[in-house]
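The values are calculated or read from the model by the stated rules, or taken from the named source; none is laboratory data. Please read all numbers here as calculations on a predicted model, not as lab measurements. Neighbour counts are summed over all protein chains in view; Cβ atoms, including those assigned to glycine, are modelled from backbone coordinates with ideal geometry.
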Amino acid sequence: MEEFVRQAIHDGFTSYGISSHAPLPFPTRWTLDASAVGEYLAEIQRLKNTYADQIELYAGLEIDYLDAQHNPASDYFQTLPLDYRIGSVHLLQTPKGEIIDIDTPPEIFRTNLERHWKGDLQYVILAYYEKLMKMIDRGGFDILGHADKISFNAQSIDPHVTQSSWYQDTMRTYFQEIAQRGIMVEINTKKYIPYGVFFPQQEHFATLLARGIPVVVNSDSHRPEAINSGRPEALRALSETGFHHVMELHQGQWMAVPIELD
């Protein structure tokens, strides 16, 4: 984590949040182990103290909505001393009850779609948004993570799927619910440099603006050198849409910070 902090200072960040993937009730290669949470938080506190005169640091977790028991609103995650929580969906259950990661490379997504859902792309997409709606209903998080991440893999199967009437109807209901709950949405820049896409995709920026949904620009980077990747482009795209501010944590408070373009 210290490498990320040093990179943030180098890149001119005035505040920076660290958000590991939160523990799940089973082992994975990409989530923090529950036994390491105490050490994780202690290390962030050490870094806060060490670099206090150079940058504001914040402790977060990206928490999966798995089911009614395991989600951002659960007592376990609510009692952790976090500065913010990101709510996300990466996993879906198959008709047989198997838990499958849908945030994979497209070729793996295609294989899983055929193997577990008989190629029914519409079913999987709707199941993804249904799970997000359940997460929104339960709450317990500050930021909605990569709001339409499944669109990337879905479009690798059917390039026109996001333009279908049922998909557009789903997105209208989805963003309406987000707006009513006052939830911040991240503009996730992870895939912008290699693929030219944000999450949510740029076509939805106008909807976010029209519904008054506050946005946070996040790189979702798993490598220190990429923590600023796509951020300038996202800020420009937001500005061109009509946004004048993005949300940032400063002095322990979420603040609307004016967009400044180079």
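Among all residue pairs at least 6 apart or on different chains, which show Cβ distances below 6 Å where the first residue, located in the stretch 116-128, is outside any helix (DSSP H, G or I) and the second is surrounded by 14 or more Cβ atoms within 10 Å (Cβ to Cβ) and not acidic (Asp, Glu)?
Sorted first by the residue in the stretch 116-128, then by its partner, the pairs are Gly119/Leu113.
Pairs needed: first member in the stretch 213-236, free of Cβ contacts under 8 Å to residues at least 40 places away in the same chain; second member anywhere, assigned to a helix (DSSP H, G or I) and of a type in the set (Val, Ile, Thr); C-beta distance under 9 Å; at least 6 residues apart or different chains.
Ile213/Ile178; Ile213/Thr207; Ala226/Ile193
Could you tell me how many of the residues in the stretch 76-114 are without any contact (Cβ under 8 Å) to a residue 60 or more places away in the chain, part of a helix (DSSP H, G or I), polar (S, T, N, Q) and surrounded by fewer than 18 Cβ atoms within 10 Å (Cβ to Cβ)?
2
Would the stretch 90-98 turn up any residue that is farther than 17 Å from Leu41 by Cβ, in contact with a Lys or Arg (Cβ under 8 Å, 6 or more places away or on another chain) and among the aliphatic types (A, V, I, L, M)?
Among the residues of the stretch 90-98, at least one is farther than 17 Å from Leu41 by Cβ, in contact with a Lys or Arg (Cβ under 8 Å, 6 or more places away or on another chain) and among the aliphatic types (A, V, I, L, M), which makes the answer yes.
Confirm whether Ala127 is surrounded by fewer than 21 Cβ atoms within 10 Å (Cβ to Cβ) and among the aliphatic types (A, V, I, L, M).
It is true that Ala127 is surrounded by fewer than 21 Cβ atoms within 10 Å (Cβ to Cβ) and among the aliphatic types (A, V, I, L, M).
Looking at the stretch 22-69 only, could you name the residues that are in a helix (DSSP H, G or I), in contact (Cβ under 8 Å) with a residue 24 or more places away in the chain and either in contact with a helix residue (DSSP H, G or I) (Cβ under 6 Å, 6 or more places away or on another chain) or of a type in the set (Gly, Ala, Ser) (or both)?
The one that is in a helix (DSSP H, G or I), in contact (Cβ under 8 Å) with a residue 24 or more places away in the chain and either in contact with a helix residue (DSSP H, G or I) (Cβ under 6 Å, 6 or more places away or on another chain) or of a type in the set (Gly, Ala, Ser) (or both): Leu47.
For the stretch 129-150, which residues satisfy the criterion of being part of a loop (DSSP other than H, G, I, E, B), under 14 Å from the mean Cα position of the chain (by Cα) and not basic (Lys, Arg)?
Selection gives Phe141, Asp142, Gly145, His146, Ala147, Asp148.
I'd like the full set of residues that are surrounded by fewer than 17 Cβ atoms within 10 Å (Cβ to Cβ) and either closer than 21 Å to Asp11 by Cβ or not acidic (Asp, Glu) (or both), limited to the stretch 53-73. Outline the logic, then answer.
Residues of the stretch 53-73 surrounded by fewer than 17 Cβ atoms within 10 Å (Cβ to Cβ): 53-54, 67-69.
Asp53, Gln54, Ala68, Gln69, listed by residue number.
What strands (runs of 3 or more DSSP E) completely inside the stretch 153-262 contain at least 3 residues that are at pLDDT 95 or above and surrounded by fewer than 16 Cβ atoms within 10 Å (Cβ to Cβ)? First the steps, then the outcome.
Numbers: elements: 184-188, 215-218, 245-250, 253-258.
Qualifying strands (runs of 3 or more DSSP E): 253-258.
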